[in-house]
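**Q** Once you've had a glance at the structure underneath, I'll fire off some questions.
Just so it is clear, none of the values below were taken in a lab; they were calculated from the coordinates. All values reported here derive from a predicted model rather than from experimental measurement. Cβ coordinates were reconstructed from backbone atoms using ideal geometry, including for glycine residues, and neighbour counts include every protein chain displayed.
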Amino acid sequence: MLEPDDDARVLVVIVPRPRDLELARGAGWYRLPLNHAPPRLAADYLAFYQPGSFGAERWRVQRYAAVLRYQIVQRRDLLPDEPNHPRAGERYYRIDLGPLCELEQPVPAARLRRITFIATTFGQLRRAIDVTDLFMPPPPPDVWGGGLAGKAIT
């Protein structure tokens with residue numbers, strides 16, 4: 001597999017529970033409620049921040065995957081085994097992914113542990129020593145653009 005370019009756009013997202021990471025790995029998608037989506041959703045890759053629920057692998061970015069396409073679906077369509085969930089009727093982005101990959105060096109969060117979204121580049125992700133290194137000045141509008149990184153919503 002080719003290494004991503006340093007300029008590739010990366011959106012760091014939280015993966016709340018190990019089960020959600022397994023869905024990304026096995027089913028090949030990540031879900032994100034439309035009403036919680038960041039303004040810069042367009043990305044070439046998603047990188048996954050693992051919170052305290054990951055035990056010994058908590059508070060770090062360790063894995064990433066290429067973004068293949070975006071869809072808008074209801075939660076009940078993503079998780080049909082949870083038809084009575086309080087948010088079953090809400091709309092979500094289903095972000096289809098390529099295979100999960102491991103970073104050569106995980107990026108820990110020494111102090112900052114409440115992460116929502118971080119828009120960064122693969123170069124920053126590759127060089128980061130701490131999650132705070134992923135924050136960067138906002139790129140010019142033509143870098144992120146108004147679209148979804150060339151991917152269509154279906």
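**Q** For the chain, what does the helix formula give at 222 nm: sum of -39500 (n - 2.57) over DSSP H segments with n ≥ 4, over the residue count, nearest 500 deg cm²/dmol?
**A** -3500 deg cm²/dmol
**Q** If I model a spin label as a point 7 Å beyond the Cα along the Cα-Cβ vector, how far apart are those points for Leu34 and Asp5 in nm?
**A** Taking the two extended label points, one gets 3.2 nm.
**Q** Pull out the extension gain between Ser53 and Thr132, defined as 0.36 nm times the separation in residues minus the alpha carbon to alpha carbon distance; nm, one decimal.
**A** Going from the current span to full extension adds 26.4 nm.
**Q** Counting Lys and Arg as +1 and Asp and Glu as -1, what is the net charge of the other residues whose Cβ lies under 12 Å from the Cβ of Asn35?
**A** +2
**Q** Over the chain, what relative contact order in percent results from Cα pairs under 8 Å that are six or more residues apart?
**A** Contact order relative to length: 31 percent.
**Q** Sticking with this one: For the stretch 83-90, take each phi angle, set θ = phi - 60°, evaluate the Karplus expression 6.51 cos²θ - 1.76 cosθ + 1.60, and give the result in whole Hz per residue in order, putting x for glycine and proline.
**A** Values, residue by residue: x, 9, 4, x, 10, 4, x, 6 Hz.
**Q** Cα centroids of the stretch 1-19 and the stretch 49-69: how far apart, whole angstrom?
**A** 9 Å
**Q** State, to one decimal in nm, how far the label point of Arg87 lies from the label point of Arg114, with both points 7 Å from Cα in the Cβ direction.
**A** Here the answer is 1.7 nm between the modelled labels.
**Q** Would you please calculate the Kirkwood hydrodynamic radius of the chain over all C-alpha pairs and express it in Å, rounded to one decimal?
**A** The Cα-based Kirkwood calculation yields 15.9 Å.
**Q** Of the beta bridges DSSP finds with both residues in the chain, what % are antiparallel, to the nearest 5?
**A** Working: 27 of 33 bridges.
Percentage antiparallel, nearest 5: 80.
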